[in-house]
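The values are calculated or read from the model by the stated rules, or taken from the named source; none is laboratory data. If you're wondering where the values come from, they're calculated on a predicted model, not measured in any experiment. Cβ placement follows ideal geometry from the backbone for every residue including glycine, while neighbour counts extend to all protein chains displayed. The area values use the complete protein model at the heavy-atom level, side chains included, leaving out ligands, DNA and RNA. Shrake-Rupley method; radii C 1.70, N 1.55, O 1.52, S 1.80 Å.
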Amino acid sequence: MSRVEHASRSSRVGVALAGFGLAALAMAPLWADRATLRLLAEMFTYVALASLWNLLAGYAGLVSVGQQAFVGLGGYLLFALGIQFGVPPLAAVLVAGPVAALVSIPVALLIFRLRGAYFAIGTWVMAEVFRLMASQIAALGGGSGISLPASLVLAMAPTRQWRELEIYWLALALAVAVLVAIFVLLRSRHGLALTAVRDNELAAQSSGIDVRRLKFAVYVLTAFGTAMIGALIFLMKLRISPDTAFSVNDWTAFVIFIVVIGGIGRIEGPIIGTIVFFLLRQTLADLGSLYLMMMGTVAIAVMLAAPKGIWGLIVERLGWQMLPLQRRLVLEPSGKARAR
Amino acid sequence: MAPLLALDNISKRFGAVVVADGISLALNAGEALGIIGPNGAGKTTLFAIAAGALAPDAGRVLFAGEDITGLSPDRRCRKGLARAFQIPQPFVGMTVFENVVVAAAFGAGEPEAAVYDRAADLLDRCGLADKANRSAGGLTLLDRKRLELARALATKPRVLLLDEVAGGLTEHECHALVELIKDVRASGVSIVWIEHIVHALLASIDRLLVLHGGRFIAAGEPREVIRSSQVAEIYMGIAADG
Ligand SMILES: Nc1ncnc2c1ncn2[C@@H]1O[C@H](COP(=O)(O)OP(=O)(O)O)[C@@H](O)[C@H]1O
Ligand SMILES: [Mg+2]
């Protein structure tokens, strides 16, 4: 019997480190102040958004510049469900996922007719359509936006401190859920197909992989995750408007920056990218709009020096994998093949 | 009985260049066909049309009597039509073993864990056993060609399209390849093989076709075709031009 092994020494270290880091983050309320917790929660949302975009663009080859459509949809669902039906915010965050997945199906049917750059433009146009529709809903503040009613916010927890902790842990839980879901997906049979599509679409198709169906499924799944994160983001902000909800800058440009810097087509990339992005933002934010230009310069420098991003460079040079995704064939002494 | 694979009056042009001008071809079950022709004759294009990567301007592709002209490449692969590309197309970010596992699992429609043995065995037969856990992106051209063959075989094909898999092999390697292809044939796979290495072809095929100017200009018993004056003329012509 062939035996296949997934783990390598670096991935065992990686998993141990990830477990340690996760424990430290879960206990962050013990060692971090309010501002740090808020910053960490924001980082978690970016790790999740970037991981989802990485799945979409890095693996499935669907370069969308319109994922803000689903961030905004999730955000508006939170407000609509709360204001119209009194749905508690935490429940609304969970409902946003399946609703967005349903909405994404007709959207996909439409934009999947487009290829390459036209697909990218199509996703952006869809997001603009979503933004215009949101600005027409008078009950949700129209073009100027609306705040989450205090009654809903106050009902979340007995004290403000508890509410903030609740949101912090929710952000951590959602980010971890997104990462674990992507990991499980990539480890599965579908992940094998998705990795093949990432590397060579032509060969994937002629090896029997239904590339179109796979892309469709990835698009719907990403919409699911992105909208949940969107709802969470606007639960943290407590206020929503069409311009903030469907911001191409905040929910797509920064996300692409993170993925490209960290390493596209690698599950570890978005985590590294988010850390770099926030380090830059925290140190350069005082420079005002100059900071965006600095970010651009960094992006170009990384793309020139390491086209596969920071993690891609590490993999190339050191052969590390943080997570046990590879399938290694183990040869038995008898000469009989086993795969681990 | 209907041929296993048939091209029926296929035409294809790129701009003003006509690469296929009403080409028909029939591959019977158990048969091995060879195709030769000068560079740019349209041999690879014909494979692309058969495998579904390219749509013909006119004509039909039939598999076991069924019209598959509109089917996607993955559907054709799962029906049993496998293609080894002239320019190898490895999954560069995966290991050699994973490359073959992908084709074995999806091309043959089997659960992943059920194909490990077969994948390992194929790597062995294609001379890649010791490189199973290497990244496919780091392989030499020769090993990429071997991987191309292993991956095509992993899909459990009924028809195997081989596009210049022998180029660049040493005499010894070429002999091993011919043995492997005979083996594959003996297991019931029908083959169409495009190849410039004529002696490798002659050792393995039943029928030889010569593609030139968008049509088959000669077809028949391989040795006779090679000797025929028309073929000699084309190749001589090329030799004389060069
Ligand atoms: N996608 C394409 N677009 C335009 N021209 C092409 C394309 N593919 C092949 N050709 C042209 O068609 C001709 C046949 O190419 P090909 O089928 O690769 O020939 P062969 O495999 O016999 O060497 C060549 O002149 C080539 O330049
Ligand atoms: Mg060719």
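Tabulated data
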quantity: Residue check, B:Leu71 open to solvent by 10 Å² or more (accessible area, probe 1.4 Å), more than 9 Å from chain A (Cβ to nearest Cβ), away from ligand 2 (no atom under 16 Å from the Cβ) and in contact (Cβ under 8 Å) with a residue 60 or more places away in the chain; calculated: no
quantity: Residue ID - most open to solvent (accessible area, probe 1.4 Å), chosen from residues in the range A:292-334 that are within 14 Å of chain B (Cβ to nearest Cβ) and small (Gly, Ala, Ser); calculated: A:Ser334
quantity: Criterion: open to solvent by 50 Å² or more (accessible area, probe 1.4 Å) and at negative phi - qualifying residue of A:Val63, A:Val107, A:Val87; calculated: A:Val63
quantity: Residue check for B:Ala32: within 16 Å of ligand 2 (Cβ to nearest atom) and either within 22 Å of B:Val210 (Cα to Cα) or touching a residue at least 40 places away in the same chain (Cβ under 8 Å) (or both); calculated: no
quantity: Top-ranked residue in the range B:184-206 [being assigned to a loop (DSSP other than H, G, I, E, B) and within 16 Å of ligand 2 (Cβ to nearest atom); ranked as surrounded by the fewest Cβ atoms within 10 Å (Cβ to Cβ)]; calculated: B:His196
quantity: Hits in the range A:186-202 - residues which are within 9 Å of another protein chain (Cβ to nearest Cβ) and in contact with a Pro (Cβ under 9 Å, 6 or more places away or on another chain); calculated: A:Arg189, A:Asp199, A:Asn200, A:Leu202
quantity: Residue check, A:Ser51 buried (at least 16 other Cβ atoms within 10 Å of the Cβ) and modelled with pLDDT under 95; calculated: no
quantity: Condition broken by B:Val165, with the remaining ones in (1) within 13 Å of chain A (Cβ to nearest Cβ); (2) over 26 Å from A:Leu185 (Cβ atoms) satisfied; calculated: (1)
quantity: Selection count where residues are facing another protein chain (nearest Cβ under 9 Å) and within 28 Å of A:Trp311 (Cβ to Cβ), scope the range B:97-115; calculated: 9
quantity: Of all residues making up the range B:74-89, the number that are more than 7 Å from every other protein chain (Cβ to nearest Cβ) and either open to solvent by 30 Å² or more (accessible area, probe 1.4 Å) or over 26 Å from B:Asn9 (Cβ atoms) (or both); calculated: 5
quantity: Test: residue in the range A:215-233 that is within 14 Å of chain B (Cβ to nearest Cβ) and within 23 Å of B:Ala108 (Cα to Cα); calculated: yes
quantity: Complete set of residues in the range B:35-58 that are away from ligand 2 (no atom under 16 Å from the Cβ) and either open to solvent by 30 Å² or more (accessible area, probe 1.4 Å) or within 17 Å of B:Val189 (Cα to Cα) (or both); calculated: B:Ala55, B:Asp57, B:Ala58
quantity: Residue check for A:Pro149: over 24 Å from the mean Cα position of the chain (by Cα), surrounded by 13 or more Cβ atoms within 10 Å (Cβ to Cβ) and more than 21 Å from A:Ala57 (Cβ to Cβ); calculated: yes
quantity: Options B:Leu139, B:Leu149, B:Leu161: the member that is within 16 Å of ligand 1 (Cβ to nearest atom) and out of contact with any Leu (no Cβ under 6 Å at 6 or more places or on another chain); calculated: B:Leu161
quantity: Selection count where residues are among the hydrophobic types (A, V, I, L, M, F, W, C) and either under 13 Å from the mean Cα position of the chain (by Cα) or assigned to a loop (DSSP other than H, G, I, E, B) (or both), scope the range B:207-226; calculated: 0
quantity: Among (1) within 13 Å of the chain's Cα centre (by Cα); (2) surrounded by fewer than 16 Cβ atoms within 10 Å (Cβ to Cβ), the one test that A:Pro270 misses; calculated: (2)
quantity: Some residue of the range B:126-135 being more than 16 Å from ligand 2 (Cβ to nearest atom), within 27 Å of B:Gly30 (Cα to Cα) and at the interface with chain A (Cβ under 9 Å from one of its Cβ atoms); calculated: no
quantity: Residue that is surrounded by the fewest Cβ atoms within 10 Å (Cβ to Cβ) [pool: residues in the range B:153-183 that are under 24 Å from A:Ala193 (Cα atoms) and more than 16 Å from ligand 2 (Cβ to nearest atom)]; calculated: B:Arg158
quantity: Entirely in the range A:153-255, the helices (runs of 4 or more DSSP H) that have 2 or more residues that are in contact with an Asp or Glu (Cβ under 8 Å, 6 or more places away or on another chain); calculated: A:189-199, A:201-206, A:211-237
quantity: Residues being away from ligand 2 (no atom under 16 Å from the Cβ), open to solvent by 40 Å² or more (accessible area, probe 1.4 Å) and more than 20 Å from B:Arg158 (Cβ to Cβ) - total across the range B:3-23; calculated: 6
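Okay, residues lined up against (1) more than 21 Å from B:His196 (Cβ to Cβ); (2) at pLDDT 95 or above; (3) within 15 Å of ligand 1 (Cβ to nearest atom):
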{"site": "B:Met1", "(1), (2), (3)": "yes, no, no"}
{"site": "B:Gly15", "(1), (2), (3)": "yes, no, yes"}
{"site": "B:Gly30", "(1), (2), (3)": "yes, no, no"}
{"site": "B:Pro38", "(1), (2), (3)": "no, no, yes"}
{"site": "B:Thr44", "(1), (2), (3)": "no, yes, yes"}
{"site": "B:Ala55", "(1), (2), (3)": "yes, yes, yes"}
{"site": "B:Ile68", "(1), (2), (3)": "yes, yes, no"}
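Let's see how each residue does on (1) among the hydroxyl-bearing types (Ser, Thr, Tyr); (2) open to solvent by less than 10 Å² (accessible area, probe 1.4 Å); (3) modelled with pLDDT under 95; (4) closer than 23 Å to A:Ser144 by Cβ:
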residue: A:Ala196; (1), (2), (3), (4): no, yes, no, no
residue: A:Ala203; (1), (2), (3), (4): no, yes, no, no
residue: A:Leu221; (1), (2), (3), (4): no, no, no, no
residue: A:Ile240; (1), (2), (3), (4): no, yes, no, yes
residue: A:Val248; (1), (2), (3), (4): no, no, yes, yes
residue: A:Phe254; (1), (2), (3), (4): no, no, yes, no
